[in-house]
Amino acid sequence: MDIIMAAKNLIIEVKGLHARFGAHVVLENINLNVHHGEVLTIVGSSGSGKTVLLRQMLGLDTPFRGTVQVFGQPIYNGNRDVLQSMRNRCGVLFQKGALFSALSVYDNIALPMRELHTLDEGMIHNLVMLKLKMVEIEAQHANKMPAELSGGMIKRIALARAMALNPELLFLDEPTSGLDPVLSDSFVKLILTLRAELALTIVMTTHDLDTLVALSDRVAVIADQHIVALDNLRNVIGNSHPFITNFFGGDRGKRALTGMGDNF
Amino acid sequence: MQIRQVASENGVPRLVLSGRCTLSALEQQLQSLSAELTTFAADPNLYWDLTGIEQLDDAGALLLWQAWGACRPEHLSLQPEQERLFDRLGNIPAAPEPVPRDLLGPIRAIGNTGFLVWDHIIGIIVLAGQLLLDVKFLVTHPTRIPWREISVTLFRTGAQALGITALVGFLIGVVLSYLSSRQLQTYGADIFIINILGVSIIRELGPMLAAILVAGRSGSSMTAQLGVMRVTEELDALAVMGIPHSMRLILPKIIGLGIAMPLVVLWTSAIALVGGMVAAEIQLGLSYQFFFSRLSDVVPIANLWLALGKGVVSGMTIALISCHFGLRIKSNTESLGEGTTTSVVTAITAVIIIDAIFAIIFSNVGIL
Ligand SMILES: Nc1ncnc2c1ncn2[C@@H]1O[C@H](COP(=O)(O)OP(=O)(O)OP(=O)(O)O)[C@@H](O)[C@H]1O
Ligand SMILES: [Mg+2]
């Protein structure tokens, strides 16, 4: 019974994953589970393979070895329908935003909604404007093109687009990089609100300790091509791996962690 | 989502909603649900009970909101989270009005096209002027000449174009020779095939074929390269490093293609002649030796110089036009596609115009 429950709760299952580009090995023997309703944060130094791991989970790159299952389905067996239905349930925020440069802000967010072919334009309009309000973009920017936006605006609009279909599973690659601290805080609040309203599962990478502390249920640390720690924040901080002590140690870490209070 | 109507003890009709009310759960039944809810909403005394809903997202809330006519029904019970959700729905800002359609638009567009063409012509002249200044600078500072970039252009536009120009040239040569020899045979004028092939290929077809192929091949790639550099802000990065685009990116392309083009012309003409020779041998039985020995008698060498001159001019023009359009691309993918198309079309047109100009100026040269 427990096993069945556990299997049902498993959203992503990564087993023995190896990733490499030519002779350059990026990830080695990665094992990782993501459970229903949790926020898993992946941390690691720059260039350690966080984005590569996310891309593997999305089926954008094929692993050199190993398997990835999302919603209980392997994503590399070539079945396009399975992959498609999985992708309809996911939202992705790419590190660089990846807005469609030929579409306005409004159309960027409306695109996934229109692709459903079940929503009428009135509904789409209201939903798009709601999403924009959610990420604190004023209505006057709706007709702008991505080239006319600031870096932080691109990030927030990309987030709005990732949430367009209210996905169950959200991949966020550095959601708060390029945002000012006030906006980072409101991002954290937004995610907390959404989690209260919906059963949202989030896989996120970040370098921002405040965001990490405020949102993460579990933290996975990538260093030297391996996952060196995968646990709740308290246990990860207790780990003595040099990267972890560097990352969470020092004044910067202490300042962020003092805010943790009971979560810790 | 399930909708259940129950009569409560005090006789007020009650509508109990339950289940998942989210976009993914409702997707297929959105239209029918919307109609159903609207009919329920027509009754102002109905008591709406949403506390049984497990999950409500903004799409689900919006569905209800629209059914209610954008205000809350009189009798409504909600969970606290749902309360917040409906609060947010209360003031959805309207998207700014798209720019109203201009009735004079089509007429204005014609005028604008005229200005745009003028703008491009001026732009190309300015660019050419800038390049002249760069050349002047390089003459006095020969160590700054971008040799590497020139040799890259030579390789990409010259060496890598040999395969395709050879194939096209050979086939055109065969076809031309075959068709002409059939005509000549009827007059018994077999031997004139050498004159026809020699003059037409060396003077006209070789340079034109090569120029059109290169304009399509290298012109598009130059425009796209500069365009992507604009999209990814690489041009700005170069500018802040104080590296002028014109000297580092554009001049090497123009010099490179100016050198590569006459060589490609030579190559294309040679292969086309070989094709013509093969077909003439099969069709008319003219031996290769005879073909060769006659060729130098019937085609004055001036034709070759003319072809090489055309090659240099058209090569530099293609590069200049492609780079001009590349620099005009705005940072979005649509403009990139559009700019590349315009660039190739303009370059091919320009090449044909150049050919016509050469034909008029040198009408007395190289013809027996
Ligand atoms: N398409 C690719 N081809 C070759 N190597 C790649 C490719 N993508 C990533 N890499 C390499 O894989 C390694 C991990 O890259 P990745 O983008 O996952 O880093 P990251 O952990 O996301 O870093 P950051 O925090 O800076 O975003 C890097 O060394 C990078 O050079
Ligand atoms: Mg990354």
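Filtered by the rule that a residue be touching a residue at least 24 places away in the same chain (Cβ under 8 Å) and more than 16 Å from ligand 2 (Cβ to nearest atom), the stretch A:45-72 gives A:Gly59, A:Pro63, A:Phe64, A:Arg65, A:Gly66, A:Thr67, A:Val68, A:Gln69, A:Val70, A:Phe71, A:Gly72.
Going by what's in this entry, would A:Glu168 be described as over 21 Å from A:Leu194 (Cβ atoms) and more than 16 Å from ligand 1 (Cβ to nearest atom)? Against the criterion (over 21 Å from A:Leu194 (Cβ atoms) and more than 16 Å from ligand 1 (Cβ to nearest atom)), A:Glu168 does not qualify.
Looking at the stretch A:135-158, can you tell me whether even one residue there is closer than 24 Å to A:Glu38 by Cβ, within 14 Å of another protein chain (Cβ to nearest Cβ) and not hydrophobic (A, V, I, L, M, F, W, C)? Checking the stretch A:135-158: not a single residue is closer than 24 Å to A:Glu38 by Cβ, within 14 Å of another protein chain (Cβ to nearest Cβ) and not hydrophobic (A, V, I, L, M, F, W, C). Screening B:Leu76 on (1) surrounded by 15 or more Cβ atoms within 10 Å (Cβ to Cβ); (2) within 12 Å of chain A (Cβ to nearest Cβ); (3) not in a helix (DSSP H, G or I) shows it passes everything except condition (2).
Restricting attention to the stretch B:83-92, the residues being facing chain A (nearest Cβ under 8 Å) and either at pLDDT below 80 or part of a helix (DSSP H, G or I) (or both) number 4.
Any residue in the stretch B:14-30 that's over 17 Å from A:Asn166 (Cα atoms): show its pairings with residues that are open to solvent by less than 10 Å² (accessible area, probe 1.4 Å) and of a type outside the set (Ser, Thr, Tyr) at Cβ separation under 7 Å, as long as the two are six or more apart or on different chains. Once the first residue is over 17 Å from A:Asn166 (Cα atoms) and sits in the stretch B:14-30, its partners that are open to solvent by less than 10 Å² (accessible area, probe 1.4 Å) and of a type outside the set (Ser, Thr, Tyr) give B:Leu15/B:Leu46; B:Leu15/B:Trp48; B:Leu17/B:Leu50; B:Leu17/B:Ile53; B:Ser18/B:Ile53. Only one entry of A:Leu127, A:Leu119 meets the criterion of being in a loop (DSSP other than H, G, I, E, B), within 10 Å of chain B (Cβ to nearest Cβ) and crowded, with 18+ Cβ neighbours inside 10 Å, and that entry is A:Leu119. Go through A:Leu54, A:Leu32, A:Leu10 for me and flag whichever is within 14 Å of the chain's Cα centre (by Cα), more than 7 Å from ligand 1 (Cβ to nearest atom) and within 28 Å of A:Lys189 (Cα to Cα). Result: A:Leu54 is the single residue among A:Leu54, A:Leu32, A:Leu10 that is within 14 Å of the chain's Cα centre (by Cα), more than 7 Å from ligand 1 (Cβ to nearest atom) and within 28 Å of A:Lys189 (Cα to Cα).
One residue alone among B:Gly163, B:Gly188 is out of contact with any Leu (no Cβ under 9 Å at 6 or more places or on another chain) and more than 30 Å from B:Ile367 (Cα to Cα), and that residue is B:Gly163. Within the stretch A:39-58, which residues are in contact with a helix residue (DSSP H, G or I) (Cβ under 9 Å, 6 or more places away or on another chain) and open to solvent by 20 Å² or more (accessible area, probe 1.4 Å)? Of everything in the stretch A:39-58, just one residue is in contact with a helix residue (DSSP H, G or I) (Cβ under 9 Å, 6 or more places away or on another chain) and open to solvent by 20 Å² or more (accessible area, probe 1.4 Å), namely A:Ser45. Considering A:Leu27, A:Leu83, the condition of being away from chain B (no Cβ under 14 Å), closer than 18 Å to A:Leu169 by Cβ and either within 16 Å of ligand 2 (Cβ to nearest atom) or modelled with pLDDT under 90 (or both) is satisfied by A:Leu83 alone. Could we say that B:Leu64 is modelled with pLDDT of 85 or more, aliphatic (A, V, I, L, M) and surrounded by 14 or more Cβ atoms within 10 Å (Cβ to Cβ) here? Yes: the conditions hold for B:Leu64. Just one of the listed residues (A:Gly97, A:Gly16, A:Gly66, A:Gly47) is within 14 Å of another protein chain (Cβ to nearest Cβ) and either over 14 Å from A:Leu169 (Cα atoms) or part of a strand (DSSP E or B) (or both), and it is A:Gly97.
Residues of the stretch B:284-303 that are open to solvent by 50 Å² or more (accessible area, probe 1.4 Å) and under 22 Å from B:Leu171 (Cβ atoms): B:Gly285, B:Tyr288, B:Phe292.
Listed by position, the strands (runs of 3 or more DSSP E) inside the stretch B:1-61 whose residues that are closer than 27 Å to A:Lys133 by Cα, open to solvent by 70 Å² or more (accessible area, probe 1.4 Å) and within 14 Å of another protein chain (Cβ to nearest Cβ) number at least 1 are B:13-21, B:53-56. Against the test of being hydroxyl-bearing (Ser, Thr, Tyr) and not in a helix (DSSP H, G or I), the options B:Ser293, B:Ser331, B:Ser269, B:Ser322 yield a single qualifying residue, B:Ser331.
A:Lys15 meets all of the listed conditions (1) surrounded by fewer than 17 Cβ atoms within 10 Å (Cβ to Cβ); (2) among the charged types (D, E, K, R); (3) within 13 Å of ligand 1 (Cβ to nearest atom) but one, namely (3).
Taken as a whole, the structure leaves B:Thr165 outside the set of residues that are among the hydroxyl-bearing types (Ser, Thr, Tyr) and open to solvent by 40 Å² or more (accessible area, probe 1.4 Å). Within the option set A:Leu165, A:Leu190, A:Leu194, A:Leu200, being surrounded by 17 or more Cβ atoms within 10 Å (Cβ to Cβ), more than 16 Å from ligand 2 (Cβ to nearest atom), within 14 Å of another protein chain (Cβ to nearest Cβ) and free of Cβ contacts under 8 Å to residues at least 40 places away in the same chain holds for one residue only, A:Leu194.
State yes or no: is A:Ile154 β-branched (Val, Ile, Thr), within 20 Å of B:Asn332 (Cα to Cα) and touching a residue at least 24 places away in the same chain (Cβ under 8 Å)? Judged against the criteria, A:Ile154 is a match.
Only one entry of B:Gly69, B:Gly111 meets the criterion of being in contact with a helix residue (DSSP H, G or I) (Cβ under 9 Å, 6 or more places away or on another chain) and either within 11 Å of chain A (Cβ to nearest Cβ) or not polar (S, T, N, Q) (or both), and that entry is B:Gly69. Here the condition is being more than 30 Å from B:Glu338 (Cβ to Cβ), of a type outside the set (Phe, Trp, Tyr) and outside any helix (DSSP H, G or I); of B:Gly198, B:Gly242, it holds for B:Gly242 alone.
Look at the stretch B:133-145: where a residue is open to solvent by less than 70 Å² (accessible area, probe 1.4 Å) and a partner is in a helix (DSSP H, G or I), sitting 6+ places away or on another chain with Cβ atoms under 7 Å, you get B:Asp134/B:Ser246; B:Asp134/B:Met247; B:Asp134/B:Leu251; B:Leu138/B:Arg144; B:Ile145/B:Leu138.
The values are calculated or read from the model by the stated rules, or taken from the named source; none is laboratory data. All values derive from a computational prediction rather than experimental measurement. Backbone-built Cβ (ideal geometry, glycine too); neighbour counts: all protein chains shown. For accessibility, only protein heavy atoms count, side chains too; no ligands or nucleic acids. Shrake-Rupley method; radii C 1.70, N 1.55, O 1.52, S 1.80 Å.
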